[in-house]
């Protein structure tokens, strides 16, 4: 499954769950990032975040950071930016994502 699809699907599922139910989705994103050699907070302040794949990696890393820091107040706002940082068109047809 393409990385962007993993991230997008996880976020859409998280949007329907309570905070104590999202660990499986968080683990999917964490594993997908790890396969790319990345982790929470990746690309913060880096040039990599300016590429198409880097934006999605940054978004995934920020999702993990919110979860790790239990910054629940930020989760809803972050979910609402899904279409900006991980648009559906990026999930299909792009090998680099």
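If each residue of separation counts as 0.36 nm, what is the full-extension length gain between residue 17 and residue 48 once their alpha-carbon separation is subtracted?
8.1 nm is the gain from fully extending residue 17 to residue 48.
Considering the chain as a Gaussian network with a 10 Å cut-off on Cα pairs, which listed residue, 69, 19, 50, attains the greatest mean-square fluctuation?
Among 69, 19, 50, the largest mean-square fluctuation in the Gaussian network model of the chain belongs to 69.
Kindly express, to the nearest 10 degrees and within the range 0 to 90, the angle between helix 52-68's C-alpha long axis and the longest C-alpha principal axis of the chain.
Computed tilt is about 20 degrees.
On a C-alpha basis, how far is the centre of region 65-85 from the centre of region 1-52 in Å? Whole number, if you could?
11 Å
At R0 = 22 Å, how high is the FRET efficiency between residue 28 and residue 79 if r is their beta carbon distance? Nearest 0.05 is fine.
In this case the efficiency is close to 0.90.
None of the figures in this text is laboratory data; all of them are computed from the coordinates on show. All figures in this text were calculated on a predicted structure; none of them were measured in a lab. All Cβ positions, glycine included, derive from the backbone under ideal geometry; neighbour counts span all protein chains shown.
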